[in-house]
Amino acid sequence: MDADLLEQLYRKYYSAAVLYCTALSADPHLAQDIASDAFVKAYLSLPNDVPSFRYWLLRVCRNLWIDHLRKRKREASGEPISHMTDGITPETKYLQDEQRRCLWKCIAELPATDRELVVLHYFSGLRLQEAAALLGKSYAATRQQMVRLRHTLKLRMEELGYGELE
């Protein structure tokens, strides 16, 4: 793989990889390490027939996370950044940020497999078919799980005093 291409891919997908790894690990520093390691693996061993680099990268991140868990087990035997957009008042931005923090907290309270699916689909940009393949589940089961998760998150946000999500 060309170093310039790797740099372009890094700039394009690093944030998604870190966000996904943060959802898996709940440790931003470990997430950055795993995401960086995934790009090193990409540089060294990216197959030529990969249809989607993002999918492949997130799969490598997941495998590195699993390796980390195994290593930790042997040894022992998130808030996404929000960006201000033009034309938004400080009050509106504060309310939106507060709603996002609350939503992220609700997502963090989900069981690990549910949290992973939400992050893969909504924050890392994978289609449900790709997320299903990455998680080793059928598309129909993944779609049904996502419907249930949306409903669960909506009810939880309403319990916490937030109406419709933007």
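Please treat every number below as a calculation from the coordinates, not as lab data. Here the structure is a predicted model, which means the values were calculated and not measured. Because the Cβ atoms are built from the backbone with ideal geometry, glycine has one as well, and the counts that use them run over all protein chains shown.
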Notebook entry, point to check: To the nearest 0.05, what FRET efficiency results for Ala76 and Val40 with a Förster distance of 41 Å applied to their C-beta separation?
Noted result: 0.95
Check: Taking the Cβ-Cβ separation of Arg143 and Glu91 as r and a Förster radius of 41 Å, what is the calculated FRET efficiency to the nearest 0.05?
Finding: 0.65
Item checked: Difference of contour (0.36 nm per residue) and Cα-Cα distance, Glu98 to His151 -> 17.1 nm
Notebook entry, point to check: Just the Cα atoms of the chain: what Rg and Dmax do they give in Å?
Noted result: 17.3, 54
Check: Considering only Cα-Cα distances, which of the following residue pairs are longer than 26 Å: Lys12/Lys71; Lys71/Lys105; Lys12/Lys41?
Finding: Lys12/Lys71; Lys71/Lys105
Next item on the list: In nm, give the distance between the simple-model label positions of Gln8 and Ile66, each being 7 Å from the Cα along the Cα-to-Cβ direction.
Entry: 3.1
Check: region 90-159: D in µm²/s via Stokes-Einstein (Kirkwood Rh, Cα pairs, 20 °C, 1.002 mPa s)?
Finding: 167
